[in-house]
1. Check every one of the strands (runs of 3 or more DSSP E) wholly within segment 312-423 and list those with 1 or more residues that are exposed (fewer than 15 other Cβ atoms within 10 Å of the Cβ).
2. Evaluate segment 349-361: report whether one residue or more is aromatic (Phe, Trp, Tyr), out of contact with any helix residue (DSSP H, G or I) (no Cβ under 6 Å at 6 or more places or on another chain) and touching a residue at least 60 places away in the same chain (Cβ under 8 Å).
3. Out of SER183, SER191, which single residue is among the polar types (S, T, N, Q), under 23 Å from the mean Cα position of the chain (by Cα) and over 29 Å from GLN220 (Cα atoms)?
4. Go through (1) over 16 Å from SER455 (Cβ atoms); (2) under 21 Å from the mean Cα position of the chain (by Cα) and name the single condition ASN368 misses.
5. So in segment 214-269, with the set limited to residues that are closer than 19 Å to SER181 by Cα and in a loop (DSSP other than H, G, I, E, B), which one is farthest from the chain's Cα centre (by Cα)?
6. State all residues of segment 134-174 that are open to solvent by 30 Å² or more (accessible area, probe 1.4 Å), in contact with a Ser or Thr (Cβ under 7 Å, 6 or more places away or on another chain) and in a loop (DSSP other than H, G, I, E, B); if no residue qualifies, say none.
7. Which numbered condition trips up VAL465, out of (1) assigned to a strand (DSSP E or B); (2) open to solvent by 50 Å² or more (accessible area, probe 1.4 Å); (3) out of contact with any Asp or Glu (no Cβ under 7 Å at 6 or more places or on another chain); (4) closer than 22 Å to ALA304 by Cβ?
8. VAL211 is checked against (1) touching a residue at least 60 places away in the same chain (Cβ under 8 Å); (2) assigned to a strand (DSSP E or B); (3) β-branched (Val, Ile, Thr) and fails just one. What number does that condition carry?
Amino acid sequence: MSAASPSSPSSPSSPSSTSSEASSDAAKARIGEALLELAIGALRAAGCAGEAGWSRRDEWSAQVRKGEVEKVEGAGTSGMRVTAFGPGNRFATCSTSDTSEASVRATAAKAIELSAFGDADAWAGLPPTSECGLAEGDLDSDDPAYARLDHDRLIHLAVDAERLAFAVDPRITNSHRSGVSASRSESRYVSTAGVRAGKASTGFGYYATVVAQDASGERQTGGYGTSARRLADLKPVAIIGAEAGSRAIRGFGWRKIPSGPTRVLLHRDVASSLLGLIIQAASGGAVYRGSTFLAAKLGQQVAAPALTVIDEPMIRHGLASRPCDGEGVRSRTTSIIESGRLASFLVDGYAARRLGHPYTGHLGGHTNVRVVPGSASWDDLLRELGTGLVVHQFHGFGVDIASGTISKGVSGFQVVDGRITHPVQEVTIAGNLAEIFQGIRAIGDDPLDQTSVSSPSMLIDGFTVGGT
């Protein structure tokens, strides 16, 4: 069953409404558990192994522009997924957004029926129960504040941040898609092997994006935002507004720079984007398909010794924290790269069996991936850069994970003798990821916060700039 309906700003919920909403959440969770038992019972009655998952999500968002609310939306969705493993290791998965008992029965029956027609797959199946369960630790990811949201106050966070961004510089005269959002998700999982798991989490965020225009008519856009599991952990509007405004004006007076090999200092924003490419390249699915340049590199040196990358699923309040993955495999810290050596892939159960790789609990993707920070300050990195390019923003999607080639448009600043001289735009940087990761010369002490993929700033050799 799913529903979507517009919302309007409202006042804080009363204690009685908060209590009723919490009771409603608990009641819905009990209904979800009953539906899971219904599906698992159908699988067992048919002599099939299998699994079932139930999920629901509530979300609310608003967009503002120049102090006015342009759009407010709210939605609630729920659904079921049933996988049946039949004789010969054949399987089928069916899902439904109609979570009535009749629909769940029909979905389970269809999965059982279709499993007989699937291709035999030696690596399909449930993970061993010894790998399953919930990791110990309180993630504190379900904020009770969601049940008593003051929508007016949330909207004013975006409005005030935008107003403060305008105040940074008189050239900032327009807004481009500022907004705020809040959500709550809950899921349950059960298998015929007796594995049971569940989690609930909330998310909050707001942002401001503004447009500046100078006397020549040139326009520049800048934005900044904040997101957190807990409402109280959002950054203050003064920080969001000031940073959004600063980013909107920093590119005026830009120039291109000459083409050729260039040492590059990646600001933590873009270094974190580069880290995302490591996650893609280390994915078990990409590895067994042979579609990643890291496929045959396990145990080898793939980056400079300065680089250590860790996936940490049990960070309290972490944006991607979870006690287990989508098939009930217990969460655990995974070292992806240790001092430059490729130590592990990120695998779900299927990839683990197919690759003969230890289980890492990554059905559903990565959790909180972090580059271990170095000791260099931003000023230290600028001095070590000497003459080169500081990159503050990537543009475009020019990446081939299979070959490791990368070519992206960038904007940033030219640096000469350790000092920023002028903004740079309309240039590209290109290279091969294998060489780029080996070319890491220094890692900063400034990791990006409030994100599931976090890197400090990085000084890197190995890029070629395409400019004038």
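1. On the way: elements: 334-338, 369-371, 388-395, 405-416.
Result: 388-395, 405-416.
2. Checked against the condition, which is being aromatic (Phe, Trp, Tyr), out of contact with any helix residue (DSSP H, G or I) (no Cβ under 6 Å at 6 or more places or on another chain) and touching a residue at least 60 places away in the same chain (Cβ under 8 Å), segment 349-361 yields at least one hit.
3. Working: SER191 fails: under 23 Å from the mean Cα position of the chain (by Cα).
None of the other options fit; the residue is SER183.
4. Of everything listed in (1) over 16 Å from SER455 (Cβ atoms); (2) under 21 Å from the mean Cα position of the chain (by Cα), ASN368 misses just condition (1).
5. Going through the qualifying residues, I end up with PRO236.
6. Hits for segment 134-174 are ASP142, ASP150, VAL168.
7. (2)
8. Answer for VAL211: the failing condition is (1).
The values are calculated or read from the model by the stated rules, or taken from the named source; none is laboratory data. Not measured: the values here are computed from a predicted model. Every residue, glycine among them, receives a Cβ derived from its backbone with ideal geometry; neighbour counts consider all protein chains shown. Surface accessibility is based on the protein's heavy atoms, side chains included, excluding ligands, DNA and RNA. Shrake-Rupley method; radii C 1.70, N 1.55, O 1.52, S 1.80 Å.
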